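Visitor: Dropping the structure in here first, questions after.
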């Protein structure tokens, strides 16, 4: 699936956790890694699909979930995000992981049209997403910091994204 060591380790940890957690219906890997095109500097776009009626419970425990995958340096949510079910984790390395929490089918993304990987699905309950499944809307998380988001560190998502973008450019000698 993923041949990049630090990415593969995180995805394997997520898969192991998902197999043991009955709230999880499936894990879907999106983006460049899901298409098999990622490199050592790619981020991880991981969708955690909740069993029906379990999304809210998973969303509330997103920090504990993220900590199951590795050493979390920061966890936050971009308030202006087009996807309010997104929690962004920065892991030691650094490695940026976008954790999307969904219940049931996934929302369409142009990235998904080119391919995704499904590292885990419970008893075949969630086949690889079809275009029809991808077109359905996700659950909507509350906006702004409230009781659902009080556990998040108050990092500015854009500052982290800029820092990782700059670090990646320097690593690739693209300055």
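Visitor: Return the only residue of 53, 36, 74 being at pLDDT below 90 and part of a loop (DSSP other than H, G, I, E, B). Please lay out each step first, then the result.
Guide: Values: 53 fails: at pLDDT below 90; 74 fails: part of a loop (DSSP other than H, G, I, E, B).
Selected residue: 36, the only one of 53, 36, 74 that is at pLDDT below 90 and part of a loop (DSSP other than H, G, I, E, B).
Visitor: Another one. Would you please name the residue that is modelled with the highest pLDDT, looking only at residues in region 77-95 that are within 17 Å of residue 47 (Cα to Cα), part of a loop (DSSP other than H, G, I, E, B) and in contact with a strand residue (DSSP E or B) (Cβ under 7 Å, 6 or more places away or on another chain)?
Guide: The residue in question is 85.
Visitor: While we're looking at this one, here's another question. What about residue 66, is it in a helix (DSSP H, G or I), touching a strand residue (DSSP E or B) at 6+ places or on another chain (Cβ under 6 Å) and within 15 Å of residue 96 (Cβ to Cβ)?
Guide: Values: in a helix (DSSP H, G or I): yes; touching a strand residue (DSSP E or B) at 6+ places or on another chain (Cβ under 6 Å): yes; within 15 Å of residue 96 (Cβ to Cβ): yes.
In short, yes.
Conditions (1) under 22 Å from residue 122 (Cβ atoms); (2) free of Cβ contacts under 8 Å to residues at least 24 places away in the same chain, marked per residue:
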residue: 5; (1), (2): no, yes
residue: 19; (1), (2): yes, no
residue: 25; (1), (2): yes, no
residue: 37; (1), (2): no, yes
residue: 66; (1), (2): yes, no
residue: 71; (1), (2): no, yes
residue: 74; (1), (2): no, no
residue: 84; (1), (2): no, no
residue: 94; (1), (2): no, no
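The values are calculated or read from the model by the stated rules, or taken from the named source; none is laboratory data. Being a predicted model, the structure only gives us computed values, none of them experimental. As a convention, Cβ positions derive from the backbone with ideal geometry for all residues, glycine included, and neighbour counts pool all protein chains shown.
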